[in-house]
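Encoded as structure tokens, the structure appears first; notes follow it.
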Amino acid sequence: MATTQRDTMRALLDEYGRTYAEEAGIPLRDTPQSLFRLLVLSTLLSARIRASVAIASAKEFDQAGLRDPKRMLAATWQQRVDALGRGGYRRYDERTATQLGEVARQVNERYGGDLRRLREKADGDVAELRRELRGFQGMGPAGADIFLREAQRVWPEAAPYIDDKALDGARGIGLPASPAALVRLADDAEPAVVAAALVRVALDKKAAAGIREHAARA
């Protein structure tokens with residue numbers, strides 16, 4: 001029997017169906033602390049560094065208690081550098097330590113420490129959400145996309161947020177390059193999970209072959 005796109009989607013979700021926030025141990029909720037932790041994770045993931053290192057570094061910030069803008073700002077630059085080093089984030093540690101301090105300051109000054117106010121300001125406009133996110137120090141298009149791919153789980157007005165990187169993953173395994181079509185194929189899976197799974201495929205050259213094998217066995 002020929003493998004269908006639905007078979008491929010099931011295989012994708014079986015193999016890679018978890019968000020980056022889940023992997024980093026962030027229980028994503030629409031709360032100030034949870035959203036700030038996601039912002040830190042998105043900043044770390046947006047650098048040219050392995051996702052596993054970015055996730056390990058995000059966990060180090062969590063273990064150090066740097067889970068909100070106030071605590072991130074209260075930490076010394078060296079404490080931030082040390083947390084990044086423990087996570088293996090050494091290539092960009094000094095620059096990123098400075099950047100995260102500035103991001104924390106911006107969250108406090110612009111949004112009173114609460115990223116839900118960024119959401120309120122955007123008033124349901126996803127393009128505006130993205131523009132606001134790109135206003136943070138060092139937050140480029142990739143970082144904003146990472147944040148929104150994950151945040152759509154608690155900010156449903158952003159869904160389905162399946163960006164170009166995720167669509168690259170879809171093309172690589174023969175799935176449609178259409179967010180709406182991908183969500184239909186995923187049945188009950190959340191768009192955030194679908195998007196994260198597709199990005200993992202886009203970043204791993206060996207993933208496509210494994211998914212095709214899995215789908216063929218289904």
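Which residue out of Ala202, Ala196, Ala170, Ala208 is open to solvent by less than 10 Å² (accessible area, probe 1.4 Å) and more than 13 Å from the chain's Cα centre (by Cα)?
Every option except Ala170 fails the conditions.
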Selection count where residues are assigned to a helix (DSSP H, G or I) and either modelled with pLDDT under 95 or among the small types (Gly, Ala, Ser) (or both), scope the range 96-134: 5
Helices (runs of 4 or more DSSP H) wholly inside the range 1-95 containing at least 1 residues that are more than 17 Å from the chain's Cα centre (by Cα) and farther than 26 Å from Arg116 by Cα: 5-16, 77-86
Pairs with Cβ under 9 Å, 6+ apart, first in the range 126-138 and surrounded by fewer than 17 Cβ atoms within 10 Å (Cβ to Cβ), second assigned to a helix (DSSP H, G or I) and of a type in the set (Gly, Ala, Ser): Val126/Ala158; Glu128/Ala122; Arg131/Ala122; Arg131/Ala144; Arg134/Gly143; Arg134/Ala144; Gln137/Gly101
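The values are calculated or read from the model by the stated rules, or taken from the named source; none is laboratory data. Please read all numbers here as calculations on a predicted model, not as lab measurements. Every residue, glycine among them, receives a Cβ derived from its backbone with ideal geometry; neighbour counts consider all protein chains shown. Note: accessible area is taken over every heavy atom of the protein model, side chains too, but ligands, DNA and RNA are not part of it. Shrake-Rupley method; radii C 1.70, N 1.55, O 1.52, S 1.80 Å.
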